[in-house]
Amino acid sequence: MKSFVCKEFGPLENISWTEIPEPLIEAGKVRVRIHFSSIGFMDTLMIRGLYQLKPPLPYIPGACGAGEVIEVGSGVSEIKVGDRVSFLNYYGAFAEQIITDEASIVVLPDAMSYEQAATYRLSYNPAYLGMVYRAKLQPGENLLVTGASGGVGLAAVRLGKVLGARVIAAIGTADKEDIVRQAGADEVVSYTSGPPLREQVKALTEGKGADVILDVVGGDVFDECMRCLNFMGRVIVMGFTSGRIAEAKTNLILLKNASILGVFLGGWMTRDLKGIKQLNKDLLGLAVEGKIPAIISQRFPMKDAVLAMDTLLSRKTAGKIVLYNEF
Ligand SMILES: NC(=O)c1ccc[n+]([C@@H]2O[C@H](COP(=O)([O-])OP(=O)(O)OC[C@H]3O[C@@H](n4cnc5c(N)ncnc54)[C@H](OP(=O)(O)O)[C@@H]3O)[C@@H](O)[C@H]2O)c1
């Protein structure tokens, strides 16, 4: 089978599209023929050795995808050959096949395409975990989403609307305004131009600030978020695309009765199998109702995954980028 292989952590260009022997199936595992995979910022961090988890080398990059089950190992109870599925693993997706744990698999409803299925588990899943399970976002609350044009960000904007919030989308460049508005943003602010973010957000919230903030950018943007948070506000720490891990000022947390909520989807889903099953059930329900469409900006053949990741890191794209295999 063909697959990308990362032999050492470093520049994205180090990985190569290579013929490798088909791995043998093991107990409790499922073999999926991958039709689509999607790219997340996390994949680019892992290849460069910048992610919190470093897989044993060599490894096959790519966390998320969808396809059909072509083999199951002994002991697999709920998945069968022929099922249409999505999977979320830390690695293995930039390939023609993946062998993954049964627990990482979700069987798809007929109405969901492989392409849509390949995107939602690293966009809507973390957004839902953050906003519903952690921050308990309420209808009518003001939700601020940073990095709102990205994979997680756009999902958070869309989901925020579905949950009845008033959504303020924070973006880096004005050319992304249309896409966040199409996803449902009520208001759009910038963290790279105009007055400081706190002033823009307070002007939109009668001087109060946002009730819930989902931050994927970190660094200076996180620091600014702490200044545009309402009393009793909740900040969801989702990621650090700026490259700097911020330090929260505890005086601001105290003064605002604020909560800083960490979200680590990968860590949570391995510890709470019942929880992740329920979360996926909820999201598939919303997907079938057409409430959380996949927002895909570009499609590349699987062999062009490096180009696709460079495109993601250029910040010139919005929504999800998908990779496809042609069999
Ligand atoms: N905690 C979890 O469980 C979890 C799960 C999934 C993802 N994540 C994290 O969430 C973050 C977003 O992931 P994603 O897949 O949505 O990424 P993405 O699609 O690349 O989106 C990232 C967004 O961040 C903004 N950004 C600001 N500064 C940036 C910079 N210096 N470089 C790149 N982008 C920058 C970009 O928008 P502008 O260009 O408009 O600023 C972009 O839209 C990542 O840190 C990822 O690791 C966490």
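The values are calculated or read from the model by the stated rules, or taken from the named source; none is laboratory data. Keep in mind the model is a prediction, meaning the values are calculated, not measured. With ideal geometry, Cβ positions are generated from the backbone for all residues, glycine too; neighbour counts draw on all protein chains shown. Side chains are part of the model used for accessible areas, which takes the heavy atoms of the whole protein and leaves out ligands, DNA and RNA. Shrake-Rupley method; radii C 1.70, N 1.55, O 1.52, S 1.80 Å.
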Meets criteria (buried (at least 24 other Cβ atoms within 10 Å of the Cβ), free of Cβ contacts under 8 Å to residues at least 60 places away in the same chain and within 13 Å of the ligand (Cβ to nearest atom)) for VAL157: yes
Take ARG33 and tell me if it is surrounded by 14 or more Cβ atoms within 10 Å (Cβ to Cβ), closer than 25 Å to GLY153 by Cα, touching a residue at least 24 places away in the same chain (Cβ under 8 Å) and not acidic (Asp, Glu). no
Scan segment 302-327 for residues that are open to solvent by less than 60 Å² (accessible area, probe 1.4 Å), more than 11 Å from the ligand (Cβ to nearest atom) and farther than 11 Å from SER38 by Cα and report the count. 3
Looking across segment 1-49 at residues that are farther than 23 Å from GLY67 by Cα and small (Gly, Ala, Ser), the single one that is farthest from the chain's Cα centre (by Cα) is GLY10
Can you spot a residue in segment 27-47 that is in a loop (DSSP other than H, G, I, E, B) and charged (D, E, K, R)? no
From the residues in segment 189-207 that are touching a residue at least 40 places away in the same chain (Cβ under 8 Å) and open to solvent by 20 Å² or more (accessible area, probe 1.4 Å), which one is farthest from VAL145 (Cα to Cα)? LEU204
Got at least one residue in segment 265-279 being at pLDDT 95 or above, open to solvent by 20 Å² or more (accessible area, probe 1.4 Å), outside any strand (DSSP E or B) and under 23 Å from GLY147 (Cα atoms)? yes
Only residues that are outside any strand (DSSP E or B) and surrounded by fewer than 22 Cβ atoms within 10 Å (Cβ to Cβ): list them for segment 164-188, please. GLY164, GLY172, THR173, ALA174, ASP175, GLU177, ASP178, ILE179, ARG181, GLN182, GLY184, ASP186
For segment 162-181, give me each residue that is more than 11 Å from the ligand (Cβ to nearest atom) and free of Cβ contacts under 8 Å to residues at least 24 places away in the same chain. ASP178, ARG181
The condition of being outside the structural domain of PRO55 (by TED's automatic domain parsing) and either modelled with pLDDT of 95 or more or buried (at least 24 other Cβ atoms within 10 Å of the Cβ) (or both) holds, among ALA135, ALA93, ALA117, only for ALA135
I need the full set of residues from segment 120-144 which are assigned to a helix (DSSP H, G or I) and near the ligand (Cβ under 9 Å from one of its atoms), in order please. ASN125, PRO126, ALA127, LEU129, GLY130
